[in-house]
Each structure stands twice: as structure tokens, then as C-alpha cells.
Amino acid sequence: MNSGIASPKASLVFGPWSKTEYFLNAGSGFHSNDARGVTIKVDPKTGEPVDAATPLVRSTGAELGARTEAIANVQSSLALWYLKLGSELVFAGDAGTTEAGRPSKRYGIEWNNRWRPTPWLFVDLDVAWNHARFSDGGSEGPYIPGAPDAVIAAGLAVDRYGPWSGAIFMRYIGSYPLIEDNSVRADPSTVFDAQAGYLIAPKTKLRLDVFNLFNAKTNDITYYYTSRLPGEPPEGVADTHIHPGEKRSFRVTLSYAF
């Protein structure tokens, strides 16, 4: 099977003025659907004929923003964005895979910052918020399962402070709907990772990584769908299904550069 789609794009950049430039990007792209859904002709469970999914699904988006270095040693950008998808990929619990879903619209804002107060210290902060909804007015509800409202990433890194280096990173993922009517939501999660390194010799470095530094109890992903365990009703039980996050763990690395 062959399929093609045009993806025109355009960008405009104005400036810089006073170490600040402004940008506008717009265009279209695509995502490809699972090949099994594209080629299927018969439902393997019922034997009934089914409609195949579209191989390539159109997406249209745009962003408007600014980048600046007006503050000494700081790089910052702020962007407003919009994205429209002809079909959203959604998780199918029974099959354990994704399937083509309803059309959707998203819009949001992103704020990215890089600060270098000294030659050996770096500070990062990235904040994103988005509003994601299905756009076809379906009776199930407009919320997109698995689409968090907010994401924050921050970091503090020390690079070559004598023989020492190190960093601490934070990742926050906000709560998100698990079903289309928003009656069940996943819990937000916050995880810190850290590392420390020591240069033993010009080409030899020892590093310690600590993952989930504060041993937070989180889930890497959460789904909500109907499943059935032994002893449960034949129609199954609708409930959350999780992949738990890793507990605190350590890794020691000794490296040598040739």
C-alpha cells in the first residue's frame, strides 16, 4: 500500500531588536496510523466487516512567539500555539495498542528559560500548559484521555567546578483525564533525579546517578478501561490500570575517554 500527503510550512522571523526577535510559524503535517488498522477488513473477534483507518492523517498548526536575550546571561522564549488533528490516536485497552479516534483541537502556551549566572552554573525552567479537546461533539465527552493540562521541567547543573560536576532535575506532569467525560483523572506526578561526577584524571570520570531522588510514589502511565480477572463478572470491571514508576535507584559509572 502506498500513500502520500503534502505538508506545506512557512516561517516568518522579525528582528532582532534590543536582543529580541519575534516569530510566526504555520503549516500542516501528518501522523500515520497503525498498519494493522489500515489493512484490516474483518473484525478478528466477530468476523464482521470493518472500515479500515486512513493511512495518513492531516494535522494543521501554528505558533506565535518571541525569543529574547535582553537580560544578561538569560535566554528566554514564549510561544502561543494551536494544533488541529484529523484523527486522534487513542489507547485501546482490549488490544493493548492504539487506534484511530476522533478529530481534536489543542492550544496552549510554552515558556522556556536558560540562565547561566556563572561560567560553571546553569539553571533551566520549562513550563507548558495546553487545552486539549475532541472537536466532533461526540456523546462520550470532549476530553482527550492521557492529555495533561500542564508540564514543568526544571534543572540546576554544575559543570566543571574544578574536578566536580553535578545536577538535579525536576519533572512535573499534571493531572489528566482518563475517559472522555473527565469523571476519572490520573494523579499528577513530581519526580526529582540527581547526579554527581568527579574527574579522577584528565580522561577518567566517576559519576553517581540517583533516579527518583525522594522515592516519590508515582505512575509512569495510567489508563482506564474494562478488564476481567478470575472471579469477576463476565462483562468485566471498569477500573484504572497503571504502570508504576520506578522506586529510588542508583547507578555508578566509571568512564574513560580514549
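Quick notes on this structure:
- Condition check for Tyr223: in contact (Cβ under 8 Å) with a residue 12 or more places away in the chain, surrounded by 16 or more Cβ atoms within 10 Å (Cβ to Cβ) and either part of a strand (DSSP E or B) or on the phi > 0 side of the Ramachandran plot (or both): yes
- Residue count for region 182-203, restricted to those that are free of Cβ contacts under 8 Å to residues at least 12 places away in the same chain and either closer than 19 Å to Gly245 by Cα or among the aromatic types (Phe, Trp, Tyr) (or both): 1
- Unique residue being touching a Gly at 6+ places or on another chain (Cβ under 8 Å), β-branched (Val, Ile, Thr), part of a strand (DSSP E or B) and closer than 28 Å to Ser87 by Cβ when the list is Val151, Val158: Val151
- Restricting the first member to region 167-178 and to residues that are farther than 18 Å from Ile242 by Cβ, and the second to residues that are at pLDDT 95 or above and aromatic (Phe, Trp, Tyr), the beta-carbon pairs closer than 9 Å and six or more apart or on different chains are Ala167/Phe122; Ile168/Phe192; Phe169/Phe192; Met170/Phe192.
- Filtered residue count, region 201-258, keeping only those that are more than 24 Å from Tyr172 (Cβ to Cβ) and of a type in the set (S, T, N, Q): 5
- When region 71-94 is limited to residues that are more than 26 Å from Gly29 (Cβ to Cβ), small (Gly, Ala, Ser) and at pLDDT below 95, the one that is surrounded by the fewest Cβ atoms within 10 Å (Cβ to Cβ) turns out to be Ala72.
- Every pair of residues 6+ apart whose Cβ atoms lie under 8 Å, when the first sits in region 232-244 and is surrounded by fewer than 13 Cβ atoms within 10 Å (Cβ to Cβ) while the second is acidic (Asp, Glu) and assigned to a strand (DSSP E or B): His243/Asp220; Pro244/Asp220
- Inter-residue pairs, beta-carbon under 7 Å, first under 17 Å from Asn130 (Cα atoms) and in region 55-79, second modelled with pLDDT of 95 or more and acidic (Asp, Glu), 6+ apart: Ala79/Glu63; Ala79/Glu110
- Hey, Phe192 out of contact with any Gly (no Cβ under 9 Å at 6 or more places or on another chain), over 19 Å from Arg106 (Cβ atoms), modelled with pLDDT of 95 or more and not small (Gly, Ala, Ser) or not: yes
The values are calculated or read from the model by the stated rules, or taken from the named source; none is laboratory data. Predicted model, so just to flag it, every value in this text is computed and none were measured. Virtual Cβ from ideal backbone geometry, glycine too; neighbours counted across all protein chains shown.
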